[in-house]
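Below is one structure, written out as structure tokens; the observations come after it.
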Amino acid sequence: GLIFLRLTPPLWAWDLERISNTELPVSVVALLIEEMRTLSAELIEGLRVLSCLGSSVKKEALDVVLSEMCRTLADVLDDLIKKGYLEEVNGSEVRFSHDKVQQSAYETMSVADQRRLHKRLGLILCNKALHDDTLLFSAATQINLGGVDTSLDGRKLAAIAALNLKAGHQAKDLSAFGSALRFFQSGILWVPAEERWSTEYATSLALHVSAVETACLLNNLGVVTKLTEEVVANATSDKDKLACLYCLLKSLISCNKLSADSKNVAYAILGQLRGAIPRETGDPSLEMELKDMVATLHEMADDT
């Protein structure tokens, strides 16, 4: 079978290769949850922490988290590995023996408890990620999963927004554009609305421009339009608006919306550049100038 009892040492074991290709029913999750609830409080907390961090976790990240939570890393991991919930990979990371095991550990918590633990992990990792880029994605992901909390200290909110900006750029460099956009959008939310275009202007503008540029790469016209409108309404200089307006024009062209929308954006860009705005046929001043030009040409012809 897929799961069997090993006698030496006595523990449950399973055929990982076969199980990884098998879709386990929901009832298995319920059984695993019941079994996990019989574990010691320390082991249950270890499983919950690991389930929040992902299906596989680098030991460096675990070391940071569990040491801050006053838990002995080696003891918790060894016990969970011995019980078959986890397995060690190349001595550098641990992973759940199956996705359903991670899911079961995660579902031993209520949604509110999940968010609280994500927030707690995120705050721990954020402090370390400022000096260790290897923790950057984990820190930003955990704090974002915990949900925006504007009751935090203003400096902490600014640091989290800046962390998302940095994580977004790193994800974009790796061509993970979807993840990059999520980091940029989360970063925007971490800046309190009343400070977004005042005390945190530079960070907010950078997050908006980066999000617009990334959404443009993904052909996400809705995000490009919404964020560009916010930048145009709040940016303090014409120069700060141009990158977003340019991306909006590109997105309209890419989505085959070359009607009045793209024309208006192009005119807006010309206006920001102090360029002359083309006038349409029917414009009274244009018709008057055309008549004057024709009359001048006639006079020139008569003179010759």
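The values are calculated or read from the model by the stated rules, or taken from the named source; none is laboratory data. All figures in this text were calculated on a predicted structure; none of them were measured in a lab. Glycine gets a Cβ as well: all are built from the backbone with ideal geometry, and neighbour counts include every protein chain shown. In case anyone asks, the SASA skips ligands and DNA or RNA and just uses the protein heavy atoms, side chains included. Shrake-Rupley method; radii C 1.70, N 1.55, O 1.52, S 1.80 Å.
If we scan the stretch 146-155, do we find a residue that is buried (at least 18 other Cβ atoms within 10 Å of the Cβ) and not hydrophobic (A, V, I, L, M, F, W, C)? Within the stretch 146-155, one or more residues are buried (at least 18 other Cβ atoms within 10 Å of the Cβ) and not hydrophobic (A, V, I, L, M, F, W, C). Across the stretch 41-70, what is the number of residues that are of a type outside the set (D, E, K, R) and open to solvent by 60 Å² or more (accessible area, probe 1.4 Å)? The number of residues fulfilling the criteria is 3. Out of all the residues in the stretch 110-125, is one or more modelled with pLDDT of 90 or more and not in a helix (DSSP H, G or I)? Yes, some residue in the stretch 110-125 is modelled with pLDDT of 90 or more and not in a helix (DSSP H, G or I).
Before we move on, is Lys82 farther than 18 Å from Leu125 by Cβ, surrounded by fewer than 16 Cβ atoms within 10 Å (Cβ to Cβ) and among the basic types (Lys, Arg)? Taking the combined requirement at face value, the residue satisfies it. The number of residues in the stretch 85-137 that are among the aromatic types (Phe, Trp, Tyr), over 21 Å from Gly147 (Cβ atoms) and open to solvent by 40 Å² or more (accessible area, probe 1.4 Å) comes to 0. Based on this model, can you work out whether Lys172 counts as in a helix (DSSP H, G or I) and within 24 Å of Leu125 (Cβ to Cβ)? So Lys172 fits the description; yes.
For the stretch 159-178, a residue qualifies if it is among the polar types (S, T, N, Q) and without any contact (Cβ under 8 Å) to a residue 40 or more places away in the chain, and the qualifying residues are Gln170, Ser175.
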